[in-house]
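A.B. asks: One structure follows; several queries about it will come next.
The values are calculated or read from the model by the stated rules, or taken from the named source; none is laboratory data. Keep in mind the model is a prediction, meaning the values are calculated, not measured. Here the Cβ positions follow ideal geometry from the backbone for every residue, glycine too, while neighbour counts run over all protein chains shown. Side chains are part of the model used for accessible areas, which takes the heavy atoms of the whole protein and leaves out ligands, DNA and RNA. Shrake-Rupley method; radii C 1.70, N 1.55, O 1.52, S 1.80 Å.
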Amino acid sequence: MKILVTGGLGFIGSHTCVELAKQNHEVIIVDNLYNSKEEVIDKLKQITGKSFKLYKYDLVEKEKIEEIFESNEIDAVIHFAGYKAVGESVKKPLMYYSNNLQSTINLLEVMQKYDVKKLVFSSSATVYGDPGNPKYVEEMGRGKTTNPYGTTKAMIEQILEDLYASDNSWDISILRYFNPVGAHESGLIGEEPNGIPNNLMPYVMKVAARKLEVLSIFGNDYPTVDGTGVRDFIHVVDLAKGHVCALDKMKKGLNIYNLGSGKGVSVMELVTTFEKVNDIKVNYKIVERRPGDLPEYYADPSKALNELGWKTEKTLEDICRDSWNYEKNNM
Ligand code: WQD
């Protein structure tokens, strides 16, 4: 199929383009380069041996999306594009609401106009809010989100549900990610956040690379296995394959899937595994909890296994090895 990947030069988008190409899909990328680099397109060619058409457009400009659909017979869309920094979203809520919502509505309106009604949407476990049970299952539904970034994801899920209710000729897969980490084994593509990383793994990378002095571990007094936060870290290649499965095995209608390993790993477990696998020391200190953090959550990924035939294959050791390999290749 001919697939339009919005945000296709980003961390998860680029890895998904690799997996789409491996399954012989024709991939068209639209990306405004806000949180990605144009050179990634060359890395994608290096990895896959295939070329990718790139539109350096911003989805908030609806006429640009029309141009893409006018010039290409698109069969389906995977929608990654959007601002995604939790901390930034708290400081700049209007920027997040206007960008993430308007760009998505523009995309959906153009898809409707060109009768392209197959969509895979990049959502997040953050939409569950705090359901009180650490093992998240899709039937729990959405809870109270704790930051504007997460709220935009929840709002877009609602928009998609309302769209489907108005026109059930749409086929929509909503994928709720847990904690995407790792990098392609080639070391050519990986996570490259702008500025000081908010998330754990990119911060560990910078400390291991001596680009940042010390990792602050936000609290070790949680009611968890070792007192530090517990999350479901999923290798980005597993996550990318989940998107291809969602596309290739898309059921009729609107379906929601957790994409996670199903295993909770603590911050300390991740740090010590990283040190062991890569034989490197990570300086850290225990500091107070980060406001808004939950003690523990991880996926129940059984629905994706039963309906899409997908589950994670990479281990925590693979995650640590591949992340560090990428960092070393891009020092
Ligand atoms: C993980 C654990 C921290 C940084 C967020 C978003 C979510 C998704 C993934 C986009 C927590 C601890 C972290 C650090 C630390 N993003 N930590 N020191 O908060 O689980 O999820 O990113 O879709 O929507 O909410 O990820 O990596 O920030 O934190 O101790 O410097 O690591 O307390 O327990 P989080 P994270």
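A.B. asks: Which number in (1) open to solvent by less than 30 Å² (accessible area, probe 1.4 Å); (2) farther than 25 Å from residue 135 by Cα; (3) more than 13 Å from the ligand (Cβ to nearest atom) marks the one condition that residue 323 misses?
C.D. replies: (3)
A.B. asks: Can you pull out every residue in the stretch 260-308 that is closer than 30 Å to residue 172 by Cα, away from the ligand (no atom under 16 Å from the Cβ) and among the hydrophobic types (A, V, I, L, M, F, W, C)?
C.D. replies: 304, 305, 308
A.B. asks: Given the conditions (1) more than 16 Å from the ligand (Cβ to nearest atom); (2) small (Gly, Ala, Ser); (3) in contact with a strand residue (DSSP E or B) (Cβ under 9 Å, 6 or more places away or on another chain), which single one is not true for residue 81?
C.D. replies: The failed condition is (1).
A.B. asks: Exactly one of these conditions fails for residue 242: (1) in a strand (DSSP E or B); (2) under 20 Å from the mean Cα position of the chain (by Cα); (3) within 15 Å of the ligand (Cβ to nearest atom). Give me its number.
C.D. replies: All conditions pass for residue 242, except number (1).
A.B. asks: Shifting gears a bit: Out of all the residues in the stretch 102-116, which are open to solvent by less than 40 Å² (accessible area, probe 1.4 Å) and farther than 15 Å from residue 59 by Cα? Walk me through it before giving the result.
C.D. replies: Step one: list which residues in the stretch 102-116 are open to solvent by less than 40 Å² (accessible area, probe 1.4 Å), which gives 103-104, 106-108, 110-111, 116.
Hit for the stretch 102-116 is 116, nothing else.
A.B. asks: Can you tell me which residue in the stretch 1-45 is least open to solvent (accessible area, probe 1.4 Å), limited to those that are part of a loop (DSSP other than H, G, I, E, B) and free of Cβ contacts under 8 Å to residues at least 12 places away in the same chain? Don't jump to the end; show me each part of the working.
C.D. replies: If we filter the stretch 1-45 for residues that are part of a loop (DSSP other than H, G, I, E, B), which is where we start, we get 1, 7-10, 23-25, 31-39.
Now drop any that are not free of Cβ contacts under 8 Å to residues at least 12 places away in the same chain, which leaves 24, 39.
On the way: 24: 119, 39: 98 Å².
Within the stretch 1-45, the match that is least open to solvent (accessible area, probe 1.4 Å) is 39.
A.B. asks: Here is a follow-up. Here are 232, 293, 226: which of them is among the acidic types (Asp, Glu) and closer than 21 Å to residue 121 by Cβ?
C.D. replies: Working: 293 fails: closer than 21 Å to residue 121 by Cβ; 226 fails: closer than 21 Å to residue 121 by Cβ.
After ruling out the rest, the residue left standing is 232.
A.B. asks: Only one of these conditions is not met by residue 68: (1) at pLDDT 95 or above; (2) under 22 Å from residue 192 (Cα atoms); (3) buried (at least 17 other Cβ atoms within 10 Å of the Cβ). Which number is it?
C.D. replies: Evaluating residue 68 over (1) at pLDDT 95 or above; (2) under 22 Å from residue 192 (Cα atoms); (3) buried (at least 17 other Cβ atoms within 10 Å of the Cβ) leaves (2) as the failure.
A.B. asks: I've got another one for you. Taking the condition touching a residue at least 24 places away in the same chain (Cβ under 8 Å), within 23 Å of residue 190 (Cβ to Cβ) and crowded, with 19+ Cβ neighbours inside 10 Å, does residue 316 pass? Before you say what the answer is, go through the steps one by one.
C.D. replies: Numbers: touching a residue at least 24 places away in the same chain (Cβ under 8 Å): yes; within 23 Å of residue 190 (Cβ to Cβ): yes; crowded, with 19+ Cβ neighbours inside 10 Å: yes.
Here the answer is yes, as residue 316 does meet what is asked.
A.B. asks: Only one of (1) crowded, with 18+ Cβ neighbours inside 10 Å; (2) at pLDDT 95 or above fails for residue 85. Which number is that?
C.D. replies: Tallying (1) crowded, with 18+ Cβ neighbours inside 10 Å; (2) at pLDDT 95 or above, residue 85 fails exactly one: (2).
A.B. asks: Being part of a loop (DSSP other than H, G, I, E, B) and either open to solvent by 50 Å² or more (accessible area, probe 1.4 Å) or within 14 Å of the ligand (Cβ to nearest atom) (or both) is true for just one of 311, 328. Which residue is that? Let's see the steps before the verdict.
C.D. replies: Numbers: 328 fails: part of a loop (DSSP other than H, G, I, E, B).
Answer to the selection: 311.
A.B. asks: Condition first: touching a strand residue (DSSP E or B) at 6+ places or on another chain (Cβ under 8 Å) and of a type in the set (A, V, I, L, M, F, W, C). Now tell me which residues in the stretch 24-66 satisfy that.
C.D. replies: 27, 28, 29, 30, 41, 52, 54, 59, 65
A.B. asks: Further question on the same structure: Could you count how many residues in the stretch 257-308 are open to solvent by 40 Å² or more (accessible area, probe 1.4 Å), in contact with a Pro (Cβ under 7 Å, 6 or more places away or on another chain) and not in a loop (DSSP other than H, G, I, E, B)?
C.D. replies: Residues meeting the conditions: 2.
A.B. asks: Given the structure, is residue 240 open to solvent by less than 10 Å² (accessible area, probe 1.4 Å) and in contact with a Gly (Cβ under 6 Å, 6 or more places away or on another chain)?
C.D. replies: no
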